[in-house]
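The values are calculated or read from the model by the stated rules, or taken from the named source; none is laboratory data. Because the structure is predicted, anything quoted here is derived from the model rather than measured. Using ideal geometry, Cβ is built from the backbone for each residue, glycine included, and neighbour counts are taken over all protein chains shown.
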Amino acid sequence: MNFSSKLLENAVNEFAALPGIGQKTALRLVLHLLNQPQVEIEKFSNALTVLKRDIRYCTVCCNISDDQLCRICSSVKRDKSLICVVEDTRDVMAIENTGQYQGVYHVLGGLISPMDGIGPSDLNIESLVDRVKEGGISEVILALSATMEGDTTIFYLYKKLKETGIQISTIARGIAFGGELEYVDEITLGKSIATRVPYENSLVR
């Protein structure tokens, strides 16, 4: 792509470095911003600066938060005995949008993936185990993507948690193998949580 301006090229390259953004889309976004009033550009830039500077992670569930506790963990209306384990914040948002779940969450921050050099110690697994061992938890729902990495992580978590005696379940597989939770429609995702099954049932005996 040929640019008439080095400044334009630099801006496009920065946008194109974002996931899912190609050069053409990046150019369209940059030209749109270029046509906005200066005050709008400053609001946009400031929002990103403040986000990076002030964002926090919930000390209980590791979800992105504005405060020490996220709004879900601090809510008196949520069932604290039910923990839904997810890969990242996008999955929390997807499940919340279904309106079918009233428990709390635990965000792992990724999935076990030896090919990518990601092991159990790189994820928020020990903090999950500690939450369960503290007591008051009746069930852990493993709501991870139907991928090889997701299944590997589920099996690892099951081995870590099974001795605690709590119920360990997984979401029903109405979700196609290889599917990411954030892309599943709300009805299917809601039903998969409502019809979750004990993980032991999926193990080959």
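Across region 61-118, what is the total count of residues that are assigned to a loop (DSSP other than H, G, I, E, B) and touching a residue at least 12 places away in the same chain (Cβ under 8 Å)? Reasoning before the result, please.
Initial filter on region 61-118 (assigned to a loop (DSSP other than H, G, I, E, B)): 61-63, 66-78, 87-88, 97-102, 108-112, 117.
Retained after the next criterion (residues that are touching a residue at least 12 places away in the same chain (Cβ under 8 Å)): 61-63, 66, 68, 70, 72-73, 77-78, 87-88, 97-102, 108-112.
The qualifying residues number 23.
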- Which condition does Ser192 not pass, out of (1) over 21 Å from Leu123 (Cα atoms); (2) small (Gly, Ala, Ser); (3) surrounded by fewer than 15 Cβ atoms within 10 Å (Cβ to Cβ); (4) modelled with pLDDT under 85, if it passes all the others? (3)
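Answer yes or no: is there a residue in region 170-188 that is at pLDDT 80 or above, touching a strand residue (DSSP E or B) at 6+ places or on another chain (Cβ under 9 Å), outside any loop (DSSP other than H, G, I, E, B) and within 20 Å of Leu108 (Cβ to Cβ). Can you show your working first?
Keep residues of region 170-188 that are at pLDDT 80 or above, which gives 170-171.
With the extra rule that they be touching a strand residue (DSSP E or B) at 6+ places or on another chain (Cβ under 9 Å), the set shrinks to 170-171.
Next, from what is left, pick out any that are outside any loop (DSSP other than H, G, I, E, B): 170.
When the remaining residues are screened for being within 20 Å of Leu108 (Cβ to Cβ), the result is 170.
The answer is yes; a qualifying residue exists.
Which one is farthest from Leu128 (Cα to Cα) among residues in region 1-22 that are surrounded by 13 or more Cβ atoms within 10 Å (Cβ to Cβ) and in contact with a helix residue (DSSP H, G or I) (Cβ under 6 Å, 6 or more places away or on another chain)? Step through it out loud before you land on a result.
From region 1-22, those surrounded by 13 or more Cβ atoms within 10 Å (Cβ to Cβ) are 3, 8-9, 11-13, 15-16, 21; that's our starting set.
From what's left, in contact with a helix residue (DSSP H, G or I) (Cβ under 6 Å, 6 or more places away or on another chain): 3, 11-12, 15-16, 21.
Working: Phe3: 50, Ala11: 41, Val12: 40, Phe15: 35, Ala16: 36, Ile21: 34 Å.
Across region 1-22, the extreme among qualifying residues is Phe3.
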- Message: When you check Glu163 against the structure, is it surrounded by fewer than 13 Cβ atoms within 10 Å (Cβ to Cβ) and acidic (Asp, Glu), yes or no?
- Response: yes
- Which condition does Gly150 not pass, out of (1) modelled with pLDDT under 90; (2) closer than 19 Å to Thr89 by Cβ, if it passes all the others? (1)
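Just name the residue that is surrounded by the most Cβ atoms within 10 Å (Cβ to Cβ) out of those in region 121-146 that are out of contact with any strand residue (DSSP E or B) (no Cβ under 8 Å at 6 or more places or on another chain) and of a type in the set (Asp, Glu).
Restricting attention to region 121-146, the residues satisfying the condition of being out of contact with any strand residue (DSSP E or B) (no Cβ under 8 Å at 6 or more places or on another chain) are 121-123, 125-126, 129-130, 133-135, 145-146.
Adding the requirement that they be of a type in the set (Asp, Glu) leaves 122, 126, 130, 134.
Details: Asp122: 15, Glu126: 11, Asp130: 9, Glu134: 8.
Checked region 121-146; the qualifying residue surrounded by the most Cβ atoms within 10 Å (Cβ to Cβ) is Asp122.
Looking only at region 91-108, filter to residues that are over 17 Å from Val140 (Cα atoms) and surrounded by 15 or more Cβ atoms within 10 Å (Cβ to Cβ); which one of those is nearest to the chain's Cα centre (by Cα)?
Taking region 91-108 and keeping what is over 17 Å from Val140 (Cα atoms), we get 93-94, 97-99.
Subset that is surrounded by 15 or more Cβ atoms within 10 Å (Cβ to Cβ): 94, 98.
Details: Ala94: 9, Thr98: 15 Å.
Looking at the filtered set, the residue picked out is Ala94.
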- Task: Mind listing whichever residues of region 1-46 are in a loop (DSSP other than H, G, I, E, B) and of a type in the set (S, T, N, Q)?
- Result: Asn2, Ser4, Ser5, Asn35, Gln36
